[in-house]
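Input: a single structure, listed below in structure tokens.
Throughout, read-outs are computed from the coordinates displayed, never taken from laboratory work. As the structure is a computational prediction, the values presented were derived from the model and not from experiment. For neighbour counting, all protein chains shown are included, and Cβ atoms are generated from backbone atoms with ideal geometry for every residue, glycine included.
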Amino acid sequence: MASPHPSGILIRPDIPICQTDLPLDSYQPEFQPYAEEYLALPDRMAASVLPWMDGYLERAIDEIGPELTLLAHYYMGGEIVKLVERYGGTVADSYQLAREAVLHPEKKIFVESAVHFMAEAIALLAAPDQQVYITNPRSGCTMEMMAKAFMVEPAFDALHERYGDDLMVVAYMNTSGRVKALAGRTGGAVCTSSNAGAIMRWARAQGRRVFFVPDEHLGRNVAAQVGIGEEVTYLLPAGHDGADVASLSESEQALLDRAELILWGSFCGVHTVFRPEHVTYWRERGYSVVVHPESPRETVAMADGAGSTRYLWNHVMQAPAGSRFAVGTEGHFVRNLKEQAVLRGIDVVHLADMPGNEAAGCGCATMSRNDPPHLVAMLDLLRQGKAPDINRVLAGDVVDEITGYRDRLDADARAETAQSARRALERMIEITEAAS
Ligand code: SF4
């Protein structure tokens with residue numbers, strides 16, 4: 001029997017709420033009393049966890065009032081996504097999340113269970129009277145962690161010295177505000193997996209050289225989509241700095257000089273597991289294959305379709321009953337999709353789930369650091385007016401994902417970063433809307 005709740009969201013009491021427990025000392029000190037209570041519950045089943053959460057969350061939601069919004073990304077653990085919905089929150093992709101503050105000016109407090117760049121994207125577009133919090137500041141995106149501003153800027157400076165204002169930065173949504181601001185300063189734009197093709201066409205139409213940050217694989221897939229050949233694409237491995245660019249061999253410099261597209265070599269460990277043999281395996285068994293474009297180029301090239309999380313969800317859910325899909329993206333999302341699709345007579349498997357490879361289809365482990373005690377502690381402390389500053393997200397903040405230390409810009413630098421990043425985000429929105 002499902003657990004009843006006024007929201008109407010059904011959570012089976014016999015399904016574990018959380019994938020794995022985090023160690024007590026991984027919680028920030030203010031959150032540890034809540035984590036201790038959670039860890040002392042008899043198990044992680046909804047029947048045990050929900051009454052404990054209800055006690056805190058219903059009071060917090062009631063006292064903070066309608067100006068509060070709870071948000072989560074689709075990649076959060078299956079039942080945790082439902083928890084956010086159960087308490088009236090919204091589950092969305094990174095593009096939709098980024099626009100929440102703009103689309104809902106009546107909301108003043110946004111509490112997000114997702115990775116840090118997603119919360120910061122909301123903060124970049126938020127009005128001064130809107131506040132953004134993340135339930136676990138140590139929840140970072142590994143792709144973004146390989147492309148921090150202090151890593152990308154020296155390489156950009158060396159490239160800029162060589163190519164001047166011919167160079168434009170296009171920053172994938174999975175970047176910090178400081179990297180988005182770099183894109184804004186160069187006249188470039190932000191992109192997401194759903195609009196990267198439109199953004200790249202717009203950039204090409206200006207005849208400028210593009211430095212695409214951070215995802216190598218999305219960059220390659222978009223290049224193929226818009227007709228940029230491999231011979232005019234150059235990969236700068238993540239971690240290269242200005243000195244490396246300057247010290248390239250003559251032949252490498254020649255390749256770099258003829259590149260229309262320079263890729264930063266970051267990647268997502270969750271999406272790079274998908275291989276052509278997975279496509280072959282499931283296709284031979286009658287499954288259509290759809291993948292996220294953060295997957296390697298050779299896999300995307302073989303798939304029947306590729307696109308954002310929204311594309312994957314809609315493509316599968318709108319298919320006729322009896323359809324079969326192997327879906328190549330984050331594991332929690334595929335599990336949720338499978339659960340919904342089966343109700344429509346559609347069979348979904350995880351693309352990497354083939355014999356001998358069952359453990360490969362993993363979820364986004366860093367995003368799942370936003371577990372129930374983090375949500376409970378965040379909201380209960382907010383209710384008491386004691387929200388820790390480390391959970392507050394401001395434009396330009398950089399978090400050390402190991403220690404949780406938050407490096408915050410002074411007010412002037414923050415305003416400049418927000419303005420430049422906002423320019424890049426707004427350019428994305430304009431181009432996307434003009435193209436649709
Ligand atoms: S799935 Fe990959 S790209 Fe997406 S948030 Fe997690 S680490 Fe980042």
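Taken together, the residues in the range 206-220 that are within 16 Å of the ligand (Cβ to nearest atom) and under 20 Å from Glu426 (Cβ atoms) amount to 2.
The single condition among (1) more than 14 Å from the ligand (Cβ to nearest atom); (2) within 30 Å of Arg285 (Cα to Cα); (3) out of contact with any Ser or Thr (no Cβ under 7 Å at 6 or more places or on another chain) that Ile346 does not meet is (3). Taking the criterion of being surrounded by fewer than 23 Cβ atoms within 10 Å (Cβ to Cβ) and of a type in the set (Phe, Trp, Tyr), the only residue of the range 196-214 that qualifies is Trp202. Just give me the residues in the range 156-200 being of a type in the set (Ser, Thr, Tyr) and more than 16 Å from the ligand (Cβ to nearest atom), in sequence order. Passing the criteria: Tyr163, Thr186.
Residues in the range 257-281 that are under 22 Å from the mean Cα position of the chain (by Cα) and under 13 Å from Asn357 (Cβ atoms): Val273, Phe274, Arg275. Filtering the range 279-291 to residues that are in contact with a strand residue (DSSP E or B) (Cβ under 7 Å, 6 or more places away or on another chain) and surrounded by 13 or more Cβ atoms within 10 Å (Cβ to Cβ) leaves Val279, Trp282, Arg283, Tyr287, Ser288, Val289, Val290, Val291. Reported count of residues in the range 88-110, each being in contact (Cβ under 8 Å) with a residue 40 or more places away in the chain, surrounded by 20 or more Cβ atoms within 10 Å (Cβ to Cβ) and of a type outside the set (Gly, Ala, Ser), is 3. With respect to being out of contact with any Pro (no Cβ under 7 Å at 6 or more places or on another chain), part of a strand (DSSP E or B) and farther than 22 Å from Val376 by Cα, Val170 fits the description.
Just so you know, in the range 366-402 the residues that are in contact with a strand residue (DSSP E or B) (Cβ under 6 Å, 6 or more places away or on another chain), in a loop (DSSP other than H, G, I, E, B) and within 16 Å of the ligand (Cβ to nearest atom) include one that is farthest from Ala127 (Cα to Cα), and it is Asn370.
Residue-by-condition table, conditions (1) without any contact (Cβ under 8 Å) to a residue 12 or more places away in the chain; (2) more than 21 Å from Ser94 (Cβ to Cβ); (3) in a helix (DSSP H, G or I):
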position: His315; (1), (2), (3): no, no, yes
position: Ala321; (1), (2), (3): no, yes, no
position: Phe333; (1), (2), (3): no, no, yes
position: Asn336; (1), (2), (3): no, no, yes
position: Leu343; (1), (2), (3): yes, yes, yes
position: Ala352; (1), (2), (3): no, yes, no
position: Cys364; (1), (2), (3): no, no, no
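For every residue, the table says whether it meets (1) buried (at least 20 other Cβ atoms within 10 Å of the Cβ); (2) closer than 30 Å to Glu30 by Cα; (3) free of Cβ contacts under 8 Å to residues at least 60 places away in the same chain.
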residue	(1), (2), (3)
Ala114	yes, yes, no
Ala126	yes, yes, yes
Arg138	yes, yes, no
Pro154	no, no, no
Ser176	yes, yes, no
Val179	yes, no, yes
Leu182	yes, no, no
Gly188	yes, no, no
Thr192	yes, no, no
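Look through Ala203, Ala246, Ala259, Ala223 and report the one residue that is away from the ligand (no atom under 16 Å from the Cβ), touching a Ser or Thr at 6+ places or on another chain (Cβ under 7 Å), more than 30 Å from Thr366 (Cα to Cα) and in contact (Cβ under 8 Å) with a residue 12 or more places away in the chain. Ala259 is the lone residue from the list that is away from the ligand (no atom under 16 Å from the Cβ), touching a Ser or Thr at 6+ places or on another chain (Cβ under 7 Å), more than 30 Å from Thr366 (Cα to Cα) and in contact (Cβ under 8 Å) with a residue 12 or more places away in the chain. Take the residues in the range 273-293 that are in contact with a Ser or Thr (Cβ under 7 Å, 6 or more places away or on another chain) and part of a loop (DSSP other than H, G, I, E, B); name whichever of them is nearest to the ligand (Cβ to nearest atom). In this case the residue turns out to be His292.
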